[in-house]
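Colleague: Right, I'll just put the structure down here and ask away after.
The values are calculated or read from the model by the stated rules, or taken from the named source; none is laboratory data. This structure is a prediction, so every number in the text was calculated from the model and none was measured. Quick reminder, even Gly has a Cβ in these numbers, built from the backbone with ideal geometry, and neighbours come from all protein chains shown.
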Amino acid sequence: MTSKFDHTVYTLRRARLASQLGAQGVAIIPTAPEQQRNRDSNFLYRHDSYFYYLTGFTEPNATLIIFADGRTVLFCQPKDVEREIWDGYRLGPESAVQVLGVTNAYSNVLIDTEMPKFLENIPTLWYPFSIHKGLSVQIDNWLTVVQSKVRSGVSAPHRLNDVCSLIDEMRLIKDSHEIELMRTAGRISANAHIRAMQFCSTNIRNKNQIFEYHLDAELLYEFRRCGSEFPAYSSIVASGSNACVLHYRADKASINDGELVLIDAGCEYSSYAGDITRTFPANGRFSRAQRALYDVVLESQYAAVSSTRSGALFTDPHNAALRVLCKGLLDLGILKADKCGSVDDVIANKDYFPFYMHRTSHWLGMDVHDCGAYSEPNSLAQNSAPSPRVLRTGMVLTIEPGLYIRPSADVPVEYHNMGIRIEDDALVGDSACELLTRDVPVDPIEIENLMN
C-alpha cells in the first residue's frame, strides 16, 4: 500500500457509520488474526471483511476505532526493519494517517494502554459480536480499567451493541466501486470455468485420463493469471455421482466419458467474490437424459432471474424456480403424479425435497455468503413470522437452482447419479437484474459448441 491508494470511498463509509453510533458512541472493529497452519507456518492471510470495508487496509494485527463525531483512530503494526525483511513491508502508524485518511494512528503495542482512554465517558460501545475469538475478553479488560476510575468521575460504557448490525445494512447495498470489482470477479471466474470445461472435453476426446484435481488446477491457474488473490471459497469439482454431494470438493475421482461434471467455483478479486456453478458433459455432448434434466434446471433459473428486480421479495426467485423444478420432476417421471398430485401438492408436501434441498439464493459480496438479513429489519412482530427482505437496487445475490438425483427404485434409472446446478451472480436493478457471470454460457447448445 502506497500514497497512491485512494482512501475516499473508505473515508465516506467510516463517516456514514459514525453517523449511526448515537450520541458519543464509539465503535471498535479489529481485523482478522493470523492463523497458524503448522509449526512455524501460517495460513495465507486474509483480512476481516468488516475491517477492510471501512479501511481498505490488508495488514494483520490492526484495530479501527470510530467515534460518533467522525474521528477515527487506527492501531497497526509499527515499522520494524528486521520483521519487514522476513514478512514484508509495513505501512506503520506514521504513514497511516495520510495514506488511509484516519485521524490518528498508533502502534498496536500500545493498544492496551491507550484504548481505555478512548472509552472514558462513552455511553455506548459498538463492536462485532461472536466473530473474533477473545475480543470480548479483551474489551472486558479495557472496561475494567475504565471502571476503576469511577471514583474520579469517569464513567464507562453502559450499553454494548453489535456493530455488525449497522455495517451489514451498509454492505447489503453495493456502491459503484464494489459493483465494478464484482464485475471483474465475475469475469475472471467465468473465464476460469471456460478454461476448465475446454480442458476437460479436449482430454476426454483424446482419451487422456484426467481427475477432478486437474480441473481444479485449471481454475486456480486462470484465477491467478488474471490477478485474483485467492479462490473465494473451496472449489467444488464433482464428477458423476459426486455432484449429488452439495459441498463436495475437488478430489481424486476420475472424470469419465459420458459423465456430467459440476463445477462450483469463483475467484476473489480485490476482496470481492465471484460465485459460479456450471454443469456440463465431460465429453462435450449431453446425452438425451442429461439434456432433459439439464433443461429443467435451466428453465427454473430463467424463471428465477425474471423474478429478480427491485421491489420483489428475496423469496420470489426461489419460489419461481421451485415451481419449474417441481413441474419438471413430474414431467420426467421422477415424481409420480398419481402418487404426489399436482405441482401445488408437491410444493405443499415438500415431495421435491429429496431432489432439491437448498435455497435458490444467498447474498454475495466480500464474503461468498455475504452478510445481511434475509428478512426486513424490524419486521418481526409478536406471534408472527418475519417478512422476507424486499430486494433493492444495488443488492447482489446468487441464483442457483439445482436437482440431485440419487439412485432410488422409484426414479427412472437413466437419471440416477445426476447432479445439476446452474448458478450466476445477479445485481438487482430497478426493473430487472444484471447477471455478472454470463461470460460462461448456460445454454446447452452453446456449452457444446464451446467444448467442441
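Colleague: Which of (1) more than 17 Å from GLU423 (Cβ to Cβ); (2) surrounded by 14 or more Cβ atoms within 10 Å (Cβ to Cβ) does GLU400 not meet, given it meets every other one?
Modeller: Of the numbered conditions (1) more than 17 Å from GLU423 (Cβ to Cβ); (2) surrounded by 14 or more Cβ atoms within 10 Å (Cβ to Cβ), the odd one out for GLU400 is (1).
Colleague: Right, another one. Going residue by residue through the stretch 15-33, is there one that turns out to be within 21 Å of the chain's Cα centre (by Cα), touching a residue at least 24 places away in the same chain (Cβ under 8 Å) and at positive phi? Spell out how you get there, then give the answer.
Modeller: Taking the stretch 15-33 first, the residues within 21 Å of the chain's Cα centre (by Cα) are 29-33.
Restricting the remaining residues to those that are touching a residue at least 24 places away in the same chain (Cβ under 8 Å) gives 29-33.
From what is left, the residues that are at positive phi are none.
Checking the stretch 15-33: not a single residue is within 21 Å of the chain's Cα centre (by Cα), touching a residue at least 24 places away in the same chain (Cβ under 8 Å) and at positive phi.
Colleague: Okay, moving on. Which residues, counting only those in the stretch 306-358, are free of Cβ contacts under 8 Å to residues at least 40 places away in the same chain, among the polar types (S, T, N, Q) and part of a loop (DSSP other than H, G, I, E, B)?
Modeller: Scanning the stretch 306-358 gives SER307, SER342.
Colleague: Now a separate question. If you take the residues of the stretch 415-452 that are hydrophobic (A, V, I, L, M, F, W, C) and closer than 22 Å to ILE204 by Cα, which of them is surrounded by the fewest Cβ atoms within 10 Å (Cβ to Cβ)?
Modeller: ILE445
Colleague: Specify which of the listed residues (LEU44, LEU91) is more than 30 Å from VAL150 (Cα to Cα) and surrounded by fewer than 20 Cβ atoms within 10 Å (Cβ to Cβ).
Modeller: Unique residue meeting the criteria: LEU44.
Colleague: Scan the stretch 187-196 and give yes if some residue there is closer than 30 Å to PRO377 by Cβ and in contact with a helix residue (DSSP H, G or I) (Cβ under 8 Å, 6 or more places away or on another chain), otherwise no. Before the answer, list the steps.
Modeller: Narrowing the stretch 187-196 to residues closer than 30 Å to PRO377 by Cβ: none.
Checking the stretch 187-196: not a single residue is closer than 30 Å to PRO377 by Cβ and in contact with a helix residue (DSSP H, G or I) (Cβ under 8 Å, 6 or more places away or on another chain).
Colleague: If you go through the stretch 382-392 one residue at a time, do you hit one that is in contact with a strand residue (DSSP E or B) (Cβ under 8 Å, 6 or more places away or on another chain), of a type in the set (A, V, I, L, M) and assigned to a loop (DSSP other than H, G, I, E, B)?
Modeller: Of the residues in the stretch 382-392, the ones in contact with a strand residue (DSSP E or B) (Cβ under 8 Å, 6 or more places away or on another chain) are 386-392.
Then keep just the ones that are of a type in the set (A, V, I, L, M); that gives 390-391.
From the residues that got through so far, the ones that are assigned to a loop (DSSP other than H, G, I, E, B) too are 391.
For the stretch 382-392, residues in contact with a strand residue (DSSP E or B) (Cβ under 8 Å, 6 or more places away or on another chain), of a type in the set (A, V, I, L, M) and assigned to a loop (DSSP other than H, G, I, E, B): present.
Colleague: Okay, moving on. Here are some residues: VAL411, VAL442. Which one is over 30 Å from GLU180 (Cβ atoms) and in a loop (DSSP other than H, G, I, E, B)? Quick ask: steps written out before the conclusion?
Modeller: Working: VAL442 fails: over 30 Å from GLU180 (Cβ atoms).
Exactly one of VAL411, VAL442 is over 30 Å from GLU180 (Cβ atoms) and in a loop (DSSP other than H, G, I, E, B), namely VAL411.
Colleague: Looking only at the stretch 1-17, count every residue that is closer than 13 Å to LEU91 by Cβ and at pLDDT 95 or above and tell me the total.
Modeller: 1
Colleague: Would you mind finding the one in GLY311, GLY372, GLY341 that is in the same structural domain as CYS244 (by TED's automatic domain parsing), surrounded by 14 or more Cβ atoms within 10 Å (Cβ to Cβ) and either modelled with pLDDT under 95 or more than 19 Å from the chain's Cα centre (by Cα) (or both)?
Modeller: Among GLY311, GLY372, GLY341, only GLY341 is in the same structural domain as CYS244 (by TED's automatic domain parsing), surrounded by 14 or more Cβ atoms within 10 Å (Cβ to Cβ) and either modelled with pLDDT under 95 or more than 19 Å from the chain's Cα centre (by Cα) (or both).
Colleague: Within the stretch 253-301, can you find the residues that are farther than 19 Å from ARG187 by Cβ and either in a loop (DSSP other than H, G, I, E, B) or at pLDDT below 95 (or both)?
Modeller: ALA253, ASN256, ASP257, GLY258, GLU259, ALA282, ASN283, GLY284, ARG285, PHE286, SER287
Colleague: Another question about this same structure. Across the stretch 290-304, which residue is surrounded by the fewest Cβ atoms within 10 Å (Cβ to Cβ) among those that are among the aliphatic types (A, V, I, L, M) and out of contact with any strand residue (DSSP E or B) (no Cβ under 6 Å at 6 or more places or on another chain)?
Modeller: Only one residue fits best here, namely ALA292.
Colleague: When only residues in the stretch 221-251 that are touching a helix residue (DSSP H, G or I) at 6+ places or on another chain (Cβ under 6 Å) and either among the aromatic types (Phe, Trp, Tyr) or modelled with pLDDT under 95 (or both) count, which is surrounded by the fewest Cβ atoms within 10 Å (Cβ to Cβ)?
Modeller: Among residues in the stretch 221-251 that are touching a helix residue (DSSP H, G or I) at 6+ places or on another chain (Cβ under 6 Å) and either among the aromatic types (Phe, Trp, Tyr) or modelled with pLDDT under 95 (or both), the one surrounded by the fewest Cβ atoms within 10 Å (Cβ to Cβ) is ASP251.
Colleague: Of the conditions (1) part of a strand (DSSP E or B); (2) out of contact with any helix residue (DSSP H, G or I) (no Cβ under 7 Å at 6 or more places or on another chain), ASP425 clears all except one; give me its number.
Modeller: Evaluating ASP425 over (1) part of a strand (DSSP E or B); (2) out of contact with any helix residue (DSSP H, G or I) (no Cβ under 7 Å at 6 or more places or on another chain) leaves (2) as the failure.
Colleague: Residue check, PRO412 against (1) within 23 Å of ALA273 (Cβ to Cβ); (2) touching a residue at least 40 places away in the same chain (Cβ under 8 Å); (3) loosely packed, with under 15 Cβ neighbours inside 10 Å, all met but one. Which one?
Modeller: All conditions pass for PRO412, except number (1).
Colleague: Considering only strands (runs of 3 or more DSSP E) fully contained in the stretch 1-78, which possess at least 1 residues that are closer than 22 Å to ASP162 by Cα? Before you say what the answer is, go through the steps one by one.
Modeller: Numbers: elements: 26-30, 36-38, 63-67, 72-76.
Output list reads 26-30, 63-67, 72-76.
Colleague: Now a separate question. So, of the residues in the stretch 119-161 that are outside any loop (DSSP other than H, G, I, E, B) and among the β-branched types (Val, Ile, Thr), which turns out to be surrounded by the most Cβ atoms within 10 Å (Cβ to Cβ)? First the steps, then the outcome.
Modeller: So in the stretch 119-161, the residues outside any loop (DSSP other than H, G, I, E, B) come out as 124-127, 135-147, 150-152, 159-161.
After this cut, where a residue has to be among the β-branched types (Val, Ile, Thr) as well, the list is 124, 137, 139, 144-146, 150.
On the way: THR124: 17, VAL137: 8, ILE139: 18, THR144: 11, VAL145: 17, VAL146: 21, VAL150: 10.
Per the stated criteria, the residue is VAL146.
Colleague: Output the residue which, of all residues in the stretch 172-216 that are acidic (Asp, Glu) and assigned to a helix (DSSP H, G or I), is nearest to SER271 (Cα to Cα).
Modeller: GLU178
Colleague: Right, something else. Does the stretch 79-97 include one or more residues that are over 28 Å from the mean Cα position of the chain (by Cα), in a strand (DSSP E or B) and within 29 Å of GLU178 (Cα to Cα)?
Modeller: So far as the stretch 79-97 goes, no, none of its residues is over 28 Å from the mean Cα position of the chain (by Cα), in a strand (DSSP E or B) and within 29 Å of GLU178 (Cα to Cα).
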